[in-house]
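Asks: Structure below; questions to follow.
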Amino acid sequence: MIEVYREERERFQKVKRFLSNGKVLFGGVVLLLLIFTAITAPYIAPHDPNEQDITATKTPPFWMEGGDTNHVLGTDSLGRDVFSRILYGSRVAMFVAVVGTFFAGLIGVILALLAGYYRGAVDNIISRFVDIWISFPPILLSIVLMAVLGTGLTNVALAIILVDWTRFCRVIRGEVFNIRERDFILAAKAEALGNFRIIVKEVFPNIIPLLLVLVTLEMGIAIIVEAILSFVGLSVEASIPAWGQMIALGRLYIHQAWWIMVFPMMCIIMSVLGLNLLGDGLREVLDPRLKVMGMK
Amino acid sequence: MSLKYITKRLLYMATTLLGVSIITFVILRVIPGNPIVMMLPPQATQQDILELKAQYGLDKPIPVQYVIWLKSVARGDFGVSIHMKQDVMELVMERLPATLELVSGATAIALILGIFIGTLSVMKKGTYVDKLGSLVAVLGLSIPDFLWGLLFILFLGVFWQVLPVSGRIASTYTIETLTGFFLVDSLIKLDFRGFSSALLHMILPAFSLALPLTAIVIRVIKSSLLEVVKEDYILLARVKGLSERVVVFIHALRNALIPTTTIVGVQFGFLMGGTVLVEIIYSWPGLGKLAVTAIITRDLPLIQGVVLVLAFIFVMVNLVVDLLYTFMNPKIRYG
């Protein structure tokens, strides 16, 4: 009974520690908001994102002269509601962030565990491949890949996975190298546990804090990459509203209707800022060593 | 730093480039959209297509194509651009100075701003100056360069039209290119109006690229300064009665510059291949813009040329950074 109580208490303190970090709190709220809009966009959007109204193109936001509360954030050059498109755009952002990050992380982590644990030839091969892969300029590589794969939502995620798995692989390999030297791994070896079991049960749990930080950062990067690809016209199909596309369109009308470009830009900036702060905060909470080192 | 180490690194570099070229070659060969068909008029016959394919060597199996390409590259011949009908190396060399000038400008800005803000933050630790520095760092890292670019255009090019937002120089100037670097060329010719026009055109794109890098420099300077100030020799300098400013700037900063050089060097390599969007936004006639045009027009020889040149610069910069690091920090000896 007392045991249970203590566990509860410890868990409570852990949660409190996370929430008392302002960065984690802010980033967490941004992330939750993103997830919420991505899921509920069809229910909360006031308009169909593709509904055109050629009698009301480039309507300014409601607080400006000529604005209309029917279109809170104004309309674009085809008379589509900017606010509704932004809400729907969060779905693309969340899709690439979640799917892209998950698989990039999966590939990167598996290869890093193999390279860091087995070392020797395995590590040489994997590390060489990573070195070659990162010598490609990443933005150009993603554009080339999109030209090869063709536009579309899944292909954007695929391009992000193919370009960014190295980020996970490089960082985590180093961490595995260190963990492998620690006593509990030697102890597990002495107990004659199989390599696979040691990797899964002993090594992997120890890279989770670092992995969490990398995941939040990568989600921000994925959102940016989608915007970049949209910008050069190689992202999702034109019928799917995405923030990058809205920015690219808004840039053409920057002199007459700044709001077409600015609001989706704010969304990208806020999302990436939130995710970066979340990563930063997690690092502070999960790894107190860094605080001592003055890396705050 | 032994000769053996340098040779080893050079070999390593060569194999990396070989790997890059093989991967590019394979990826590009599965690209849909046949460049040959795109070049010919719609009424072209199958025979025309085959002939043109043979002319560019695209009718052979991929490994054979690769060996042929590699042989000519070894002779310095990167082939002819399908779309622009011009020598690939010539095209690349025409655009390289524009990108190099922009990236150098951005790096210089980032170093100056980053070192200044970083040092100031450490000296005024805990005050609002420090907090402001952290804010700059967080914003710099969270807003990608092309969004900075668009924000600058909106505020400084549209709302208040204070700075030019397109091209490298005003269209009324023609600068005779000697080096291809407009700032250098105009100075050689003592053309100061041309120089100021080129400089003004560079400010916004260079700052767009510089801000994310500035954030990185601030962080590195801060963390390494905080490390260094705990060392004995800094204590000694303090005991000697040197002023805080001398201690931080002369003694501590000198050591903090080692990790800064490493990181800025690596970032310089990344930036060379990362100017694509900023070049598009500011109509900057550099390598990034050339690369995107090449990709969209399926210009295989040109894509290969640009990617290989950028990869070459990337590994070269990394090699120099590594050697510099070993040189600056004699504690490290490589076998």
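Asks: If only one of B:Phe146, B:Phe181 is more than 10 Å from chain A (Cβ to nearest Cβ), under 19 Å from B:Leu271 (Cα atoms) and in contact (Cβ under 8 Å) with a residue 24 or more places away in the chain, which one is it?
Replies: It is B:Phe181.
Asks: Could you list, in sequence order, the residues of the range B:159-183 that are modelled with pLDDT under 80, of a type in the set (A, V, I, L, M) and either exposed (fewer than 15 other Cβ atoms within 10 Å of the Cβ) or not in a helix (DSSP H, G or I) (or both)?
Replies: The answer is B:Val162, B:Val165, B:Ile169, B:Ala170, B:Ile175, B:Leu178.
Asks: Scan the range B:186-208 and give yes if some residue there is outside any loop (DSSP other than H, G, I, E, B), within 14 Å of chain A (Cβ to nearest Cβ) and farther than 20 Å from B:Ala98 by Cβ, otherwise no.
Replies: no
Asks: Restricting to the range B:225-246, what's the tally of residues that are among the charged types (D, E, K, R) and outside any helix (DSSP H, G or I)?
Replies: 3
Asks: Now, a different point. Pick from B:Val20, B:Val67: which is within 26 Å of B:Lys289 (Cβ to Cβ), at pLDDT 75 or above and of a type in the set (A, V, I, L, M)?
Replies: Among B:Val20, B:Val67, only B:Val20 is within 26 Å of B:Lys289 (Cβ to Cβ), at pLDDT 75 or above and of a type in the set (A, V, I, L, M).
Asks: Sort out which residues of the range B:156-178 are facing chain A (nearest Cβ under 10 Å) and among the aromatic types (Phe, Trp, Tyr), and write them in order of number.
Replies: B:Phe159
Asks: Let me ask another. Between a residue in the range B:309-320 that is at pLDDT below 90 and any residue that is of a type in the set (Lys, Arg), which pairs come within a Cβ distance under 6 Å, given they are 6 or more apart or on different chains?
Replies: Taking only residues 6 or more apart or on different chains, the pairs are B:Leu319/B:Arg9.
Asks: So which of B:Val278, B:Val266 ends up being surrounded by fewer than 18 Cβ atoms within 10 Å (Cβ to Cβ), within 13 Å of the chain's Cα centre (by Cα) and within 13 Å of another protein chain (Cβ to nearest Cβ)? Talk me through it step by step, then tell me what you get.
Replies: Working: B:Val278 fails: surrounded by fewer than 18 Cβ atoms within 10 Å (Cβ to Cβ).
One residue alone meets the criteria, B:Val266.
Asks: Looking at this structure, is A:Ile86 in contact (Cβ under 8 Å) with a residue 40 or more places away in the chain and under 30 Å from A:Ser235 (Cβ atoms)?
Replies: When the stated conditions are applied, A:Ile86 passes them.
Asks: A follow-up question, please. If you go through the range B:125-138 one residue at a time, do you hit one that is modelled with pLDDT of 85 or more, under 17 Å from A:Lys23 (Cα atoms) and of a type in the set (Ser, Thr, Tyr)?
Replies: Checking the range B:125-138: at least one residue is modelled with pLDDT of 85 or more, under 17 Å from A:Lys23 (Cα atoms) and of a type in the set (Ser, Thr, Tyr).
Asks: Starting from the range B:2-30, keep only residues that are among the aromatic types (Phe, Trp, Tyr), then list their pairs with residues that are surrounded by 12 or more Cβ atoms within 10 Å (Cβ to Cβ) whose Cβ atoms are within a distance under 6 Å, requiring at least 6 positions of separation or different chains.
Replies: Final answer for the pair search is B:Tyr5/B:Tyr334; B:Phe25/B:Tyr66.
Asks: Mind checking which residues of the range A:109-126 are closer than 23 Å to B:Val315 by Cβ, touching a helix residue (DSSP H, G or I) at 6+ places or on another chain (Cβ under 6 Å) and of a type outside the set (D, E, K, R)?
Replies: A:Leu111, A:Ala112, A:Ala115, A:Ile126
Asks: Output the residues belonging to the range A:128-178 that are small (Gly, Ala, Ser) and surrounded by fewer than 18 Cβ atoms within 10 Å (Cβ to Cβ).
Replies: Result: A:Gly150, A:Gly152, A:Gly174.
Asks: Go through the range B:166-199 residue by residue and tally those that are of a type in the set (A, V, I, L, M) and within 16 Å of B:Ala106 (Cβ to Cβ).
Replies: 3
Asks: Continuing with the same structure: Can you run down the residue pairs with Cβ atoms below 6 Å, 6 or more apart or on separate chains, where the first is in the range A:145-157 and away from chain B (no Cβ under 12 Å) and the partner is acidic (Asp, Glu)?
Replies: Partner pairs satisfying both residue conditions: A:Val156/A:Glu226.
The values are calculated or read from the model by the stated rules, or taken from the named source; none is laboratory data. These figures come from a predicted structure and were not determined experimentally. Because the Cβ atoms are built from the backbone with ideal geometry, glycine has one as well, and the counts that use them run over all protein chains shown.
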